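Working notes, structure below.
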Amino acid sequence: MKWEGYSVLIFLIKVVIFVCLILFAYRVHEEYQLIVAANRDEFYRRPTAPAYFWEDHPEILAGRDLEKMGTWMGVTTSGRFAALTNYRDPKEATEGKRSRGELVADALKYKGNMEEYMQNLEAHNHLYPGYNLLAGDGHDLYYYSNVGGKLEKLAPGIYGVSNHLLNSSWTKVEKGREGLARIISEKNDGMAEALFTLLQNADPAPDEALPSTGVTLEWERLLSPLFIESEHYGTRSSTVMLMTGTKLQYIERVFSKNGENNQQYTIEL
């Protein structure tokens, strides 16, 4: 695609995008208390480390944004989980605000009660651009958005969040939730592979179903699939996490431009 036009330029300058789609099933599967399938979309030029145990916090397993040193999704050896998407608003003033990726890192580092951590976020809404944050401790799972402004302790169910609010009616979210529900109902041994196949769906939404988020029509089309591909920007990684009460499987597939040097990292705890 061509990168031209004032509105597109403003979009590129102002928006830093972490995970753009998180699909998750919470306490609806007979074996896994939490199933997560997520795509992280970002510029190919942004330096990133794949999932690993951090040297400075060896209990944290997560990828890392090497520009701001935060992360978009991760877990700890004690079963804490956190993941983030940004809230897309090109008109939002972001100058001087802090990186949203530190919210996930701080949640994973936090030693107290996860509900307490999430409750404290409201006092710091102004410090960060719009975001959606999921965080849990193996017992409870919480959702908070500094745009939506309401902390939710999530009930069992199948959820999806992209760059709007939780369970928004965006096509990619609805398609992802339906796909996740179907995979769970099939009860086969190939769940992880089926989830990766779902995450690689690159079919754009029809124009009449596109959201209106303040970017150009060209960008709305580009960002509408579950899996995004373009010259400079796209899905950099897909992650599947399967968590039981005592075990965790964390699989990350890393993609590069034009499908070059793709890699998979599988870690079991």
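Among the residues of the range 216-234, those that are in contact with a Pro (Cβ under 9 Å, 6 or more places away or on another chain), surrounded by fewer than 20 Cβ atoms within 10 Å (Cβ to Cβ) and not acidic (D, E) comprise R221, L222.
Considering only the range 15-26, I want to know if a residue exists there that is within 20 Å of the chain's Cα centre (by Cα), in a strand (DSSP E or B) and modelled with pLDDT under 95. Yes, the conditions are met somewhere in the range 15-26. Count of the range 146-165 residues, restricted to those that are of a type outside the set (V, I, T), surrounded by 15 or more Cβ atoms within 10 Å (Cβ to Cβ) and either touching a residue at least 60 places away in the same chain (Cβ under 8 Å) or out of contact with any His (no Cβ under 9 Å at 6 or more places or on another chain) (or both), is 9.
Can you go through E220, E229 and tell me which one is assigned to a helix (DSSP H, G or I), acidic (D, E) and free of Cβ contacts under 8 Å to residues at least 40 places away in the same chain? Steps first, answer last, please.
Details: E229 fails: assigned to a helix (DSSP H, G or I).
None of the others qualify; the one that does is E220.
Run down E193, E152 and say which single residue is out of contact with any Gly (no Cβ under 7 Å at 6 or more places or on another chain) and within 21 Å of A62 (Cα to Cα).
Values: E152 fails: within 21 Å of A62 (Cα to Cα).
Only one candidate qualifies: E193.
Taking the options Y117, Y143, name whichever one is buried (at least 21 other Cβ atoms within 10 Å of the Cβ) and not in a helix (DSSP H, G or I).
Numbers: Y117 fails: not in a helix (DSSP H, G or I).
Answer to the check: Y143.
Across the range 34-55, which residue is nearest to G157 (Cα to Cα) among those that are part of a loop (DSSP other than H, G, I, E, B) and modelled with pLDDT of 95 or more?
Quick first cut of the range 34-55, residues part of a loop (DSSP other than H, G, I, E, B) only: 44-47, 54-55.
From what's left, modelled with pLDDT of 95 or more: 54-55.
Numbers: W54: 31, E55: 35 Å.
Checked the range 34-55; the qualifying residue nearest to G157 (Cα to Cα) is W54.
Only residues that are in a loop (DSSP other than H, G, I, E, B) and surrounded by fewer than 18 Cβ atoms within 10 Å (Cβ to Cβ) were counted across the range 166-185, and they come to 3.
The values are calculated or read from the model by the stated rules, or taken from the named source; none is laboratory data. All values derive from a computational prediction rather than experimental measurement. Using ideal geometry, Cβ is built from the backbone for each residue, glycine included, and neighbour counts are taken over all protein chains shown.
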